[in-house]
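A.B. asks: One structure, pasted below without further comment.
The values are calculated or read from the model by the stated rules, or taken from the named source; none is laboratory data. Since the structure is predicted, the reported quantities are computational estimates derived from the model, not experimental observations.
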Amino acid sequence: MLSKFDKVFVCHYNIFYMNEDKVIEKLLEHDKRFDGHEIRLDRITDKLFEHDEKFVILETEIKEFKAEYLRGQDQIMKILTRLDDERVFTVEAIRRMQDELDLQKRQINEHDVLLSKIKLELKVA
């Protein structure tokens with residue numbers, strides 16, 4: 001027969017190993033759950049890589065759009081600068097023409113006075 005200590009030992013031994021079996025069983029259950037999580041995590045990672053690729057494409061398209069937009073803005077600025085320069089030169093050309101016109105009007109008036117004097121001298125003579 002077993003002594004009291006042996007009985008306690010056997011009791012603890014059985015409890016320990018029975019609990020060990022339960023612990024191993026629980027660990028296996030957790031492993032299965034983690035496997036499911038790993039599969040989901042793999043899918044999420046794949047989606048992240050897909051989105052990363054899409055963001056790279058989007059970033060490239062945005063950079064191209066920005067470059068095209070800035071080229072258009074540069075062209076607009078060139079056109080506006082040219083128009084502004086033309087406006088300045090046009091105003092200056094109009095001023096020169098006006099001065100020339102005033103000069104010609106004075107000359108015409110002088111010629112008109114001279115012609116009037118000549119006509120008057122021809123009538124008197």
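A.B. asks: Given the criteria part of a helix (DSSP H, G or I) and at pLDDT below 90, does residue 1 qualify?
C.D. replies: no
A.B. asks: Output the number of residues of region 65-113 satisfying the condition of being of a type in the set (Phe, Trp, Tyr) and modelled with pLDDT under 95.
C.D. replies: 1
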